[in-house]
Amino acid sequence: MDSSKTAQKGRIDWMITLVPFVLIVGLAVFLFIFPEGSNDVISQVRFFFGDTLGSYYLVIGIGVLVVSLFLSFSKYGDIVLGDPGEKPKYSFFTWGSMMFTCGLAADILFYSFAEWVMYATNTHITDMGDKMEWAGVFPLFHWSFIPWAFYLVLAVAFGFMLHCRKRDRPR
């Protein structure tokens, strides 16, 4: 491999790396310094996205799911992510298993500690009846076909960018 290509691959895009890192650390410090005010702001943001835009999320999610299914069974579903004639490194089942595992692992890390509390303290669930009856319904918003359709769209977009367009980062 050419030494300039090796040097270029080893470079870190500091703008993409440091700006989000600084923003996240700054936000975390702010949340720790002002916990009560932060809780109020986060509650308002969550109310806005959950109650005000919740129906839109479902409509957009169903739309993404329908578009994903349409694209997968159309001529675009036959695009090979790699060079023409190149043999896949892994089988279809193996790739699907890896995508499923990555998505599930990310969700488990994010929701496993707090999701049950979120449902147990949600007043909307209490208004609809017994929490035990609704406990199996609400996780479907995080674990069913609609969230996976969002993951699928991003996975295909990044796969196309990396393997068909041969780009190492978004431009």
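Nearest 20 debye, what's the magnitude of the dipole of the chain about its Cα centre given +1 on Lys and Arg Cβ and -1 on Asp and Glu Cβ? It would help to have the intermediate numbers written out before the result.
Working: 13 positive and 14 negative charges, 216 e Å.
So the magnitude is around 1040 debye.
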Per residue of the stretch 15-23, in order, report the coupling 6.51 cos²θ - 1.76 cosθ + 1.60 (Karplus, θ = phi - 60°) as ³J(HN,Hα) in whole Hz, putting x for Gly and Pro. 5, 6, 7, 7, 4, x, 4, 5, 4
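In the stretch 83-130, which chymotrypsin sites (Phe, Trp or Tyr not before Pro) are in a loop and have at most 15 other Cβ atoms within 10 Å, using DSSP for the loop call? Don't jump to the answer; show the numbers that get you there.
Details: sites: TYR90, PHE92, PHE93, TRP95, PHE100, PHE110, TYR111, PHE113, TRP116, TYR119; in loops: TYR90, PHE113.
When the chymotrypsin sites (Phe, Trp or Tyr not before Pro) of the stretch 83-130 are filtered for loop state and at most 15 Cβ neighbours within 10 Å, TYR90, PHE113 remain.
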Can you count the Lys pairs in the chain whose Cα atoms are under 28 Å apart, with each pair 8 or more apart or on different chains? 11
If you filter the stretch 68-151 for trypsin sites (Lys or Arg not before Pro), then keep DSSP loop positions with at most 13 other Cβ within 10 Å, what is left? LYS89
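None of the figures in this text is laboratory data; all of them are computed from the coordinates on show. Please read these numbers as outputs of a predicted model, since none were measured by experiment. Ideal geometry is used to build each Cβ from the backbone, glycine not excepted, and the neighbour counts take in all protein chains shown.
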